[in-house]
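Below you'll find the structure, written out as C-alpha cells, and then a few comments.
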Amino acid sequence: MGLTEKINRTDHLSYFEGQIPVEYVYTYGLGLEKFFRAIKDKGQFLASRCKACGVTYLPARSFCERCLGGIEDTVEVPGTGSVYSWTVVHLNMDETPKEEPAILALIDMDGTDCRFMHYLTGVKAEDVKAGLKVKPVLKAKKDRVGHIEDILGFQPV
Ligand SMILES: [Zn+2]
C-alpha cells in the first residue's frame with residue numbers, strides 16, 4: 001500500500017497491525033475533585049448544595065444541573081443510603097462467567113437528591129430488597145488513590 005490508496009474492492013482491504021502509544025491525563029473537574037479528595041483523605045462523602053434551588057448533589061459538582069448556577073458550597077453527607085433498584089451481574093466484560101455474581105445497585109443517598117450506582121457487598125442477591133439500608137465500605141486509607149474504586153461497595157447497615 002502506498003501513501004494514498006483508493007479502495008475499489010472491499011474484499012481486498014489492507015491494514016497495518018501495531019500499537020500507537022497514547023498518553024493522556026484525565027481530570028475530574030472542580031466538583032468531582034473535591035468529592036474524590038474527601039474520600040481519599042478523610043473517608044468522607046462530600047455533596048454540593050445549590051443555594052438557588054436547594055438541590056443537593058452527590059458526588060459534589062461545581063454547577064447545578066437544574067438552574068445551571070455555580071455551586072461553591074460543599075456539605076458532608078453520611079454516605080449511607082437505601083437500595084432503590086439493583087441487578088445481578090453474572091458475566092465479565094469479555095462475557096466469561098464471573099466467579100461470583102456481582103450485585104450492582106442504584107442507591108438513594110441519604111441527605112442528597114441523588115442516587116449513586118455501585119456494587120453491593122456482604123449480601124446475597126436473594127436477600128436484597130428495595131429500601132435495604134446500606135453503608136459504604138472503603139479501602140484502607142493507605143490504599144486509596146482518589147478513584148471510584150476507593151469505594152469497595154455498599155453493605156447492609
Ligand atoms: Zn440550582
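None of the figures in this text is laboratory data; all of them are computed from the coordinates on show. If you're wondering where the values come from, they're calculated on a predicted model, not measured in any experiment. Because the Cβ atoms are built from the backbone with ideal geometry, glycine has one as well, and the counts that use them run over all protein chains shown.
Pick from Thr87, Thr56, Thr121 the residue whose mean-square fluctuation is largest in a GNM of the chain, springs joining Cα atoms under 10 Å. Highest fluctuation among the options: Thr87. Helix content alone sets the calculated 222 nm mean residue ellipticity of the chain: runs of n ≥ 4 DSSP H residues at -39500 (n - 2.57) each, divided across all residues, give -2500 deg cm²/dmol. Computed from Cα positions, the angle between helix 30-42 and the longest principal axis of the chain comes to roughly 60 degrees.
Largest GNM mean-square fluctuation among Val88, Val55, Val22, using the chain with Cα springs under 10 Å: Val22. Since only Gln155, Ser48, Phe116 are under comparison, the one whose Cα sits farthest along the positive direction of the charge dipole of region 30-156, derived from C-beta charges on Lys, Arg, Asp and Glu, is Ser48.
Phi angles across region 144-155 convert, under the Karplus curve 6.51 cos²θ - 1.76 cosθ + 1.60 with θ = phi - 60°, into 3J(HN,Hα) values of 7, 10, x, 9, 4, 6, 5, 8, 6, x, 10, 10 Hz, Gly and Pro given as x. Within the chain, what's the longest stretch lacking GluC sites (Glu not before Pro) that sit in DSSP loops with no more than 13 other Cβ atoms inside 10 Å? In the chain, the maximal stretch lacking such sites is 96-157. Build a GNM of the chain with springs between Cα atoms under 10 Å apart, and of Gly69, Gly31, Gly111 the one that fluctuates most is Gly69.
Taking the Cα centre of region 30-156 as origin and assigning +1 to Lys and Arg Cβ atoms and -1 to Asp and Glu Cβ atoms, the resulting dipole is close to 440 debye. Just to be sure I follow the definition: excluding the sites themselves, where is the longest run in the chain that has none of the trypsin sites (Lys or Arg not before Pro) in a DSSP loop with at most 15 other Cβ atoms within 10 Å? Maximal segment without exposed cleavage sites: 67-123.
Region 26-87 has equivalent-ellipsoid semi-axes of 19, 16, 12 Å, by the square roots of 5 times the alpha carbon gyration tensor eigenvalues, sorted largest first. May I ask you to list the chymotrypsin sites (Phe, Trp or Tyr not before Pro) in region 1-57 that are in a DSSP loop and have at most 11 other Cβ atoms within 10 Å of their Cβ? Counting only loop positions with at most 11 other Cβ atoms within 10 Å, the chymotrypsin sites (Phe, Trp or Tyr not before Pro) in region 1-57 are Tyr15, Phe16, Tyr24, Tyr26.
Could you give me D for the chain, from Stokes-Einstein at 25 °C and 0.890 mPa s, where the hydrodynamic radius is the Kirkwood radius over C-alpha pairs? Units µm² s⁻¹, please. It would help to have the intermediate numbers written out before the result.
Working: Rh = 18.6 Å.
Reported coefficient: 132 µm²/s.
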